[in-house]
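Only the coordinates and a few stated rules stand behind these numbers; no lab work does. Quantities reported herein were computed from a predicted structural model and do not represent experimental measurements. In this analysis, Cβ positions are derived from the backbone assuming ideal geometry, glycine residues included, and neighbour counts consider all displayed protein chains.
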């Protein structure tokens with residue numbers, strides 16, 4: 001009797017994208033979800049921040065603009081808001097305040113690793 005080969009079909013189910021606030025856009029790149037500002041600028045965290053507190057003010061905030069929450073915004077998923085020293089509401093992802101970089105172009109991350117303290121938000125696998 002000849003051996004019988006059994007084939008099992010598998011279906012890969014993509015994970016649903018994580019929820020994002022209205023001020024943040026999600027793009028699919030290289031099989032992952034990448035978070036950007038609504039004008040498609042990459043989003044960073046700053047190692048010198050503390051959970052719930054931005055330490056990037058003045059000239060720092062000019063070079064690294066905070067991702068500001070629109071009036072009426074509400075936390076969603078891993079996204080919360082912190083109150084900046086100037087009174088503005090800034091988005092925080094998993095407790096870390098988030099920023100764009102003034103020298104980035106749409107979709108191009110020039111600030112990743114800058115000074116060893118600025119880091120892109122990691123992509124979320126699909």
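Worth pointing out:
- Among the listed values (i) 111; (ii) 95; (iii) 145, the one computed from these coordinates for volume of the Cα convex hull per residue in Å³ is (iii).
- Label point distance in nm, residue 103-residue 117, each placed 7 Å from Cα along Cα→Cβ: 1.6 nm
- Across the chain, Cα pairs under 8 Å and at least six residues apart give a relative contact order of 31 percent.
- Among 62, 80, 37: highest mean-square fluctuation, GNM of the chain, C-alpha pairs under 10 Å: 62
- Length gained when the stretch residue 28-residue 86 is fully extended (0.36 nm per residue, less Cα-Cα span): 17.5 nm
- Segment residue 60-residue 94, extension gain: residue separation times 0.36 nm, minus the distance between their alpha carbons: 10.1 nm
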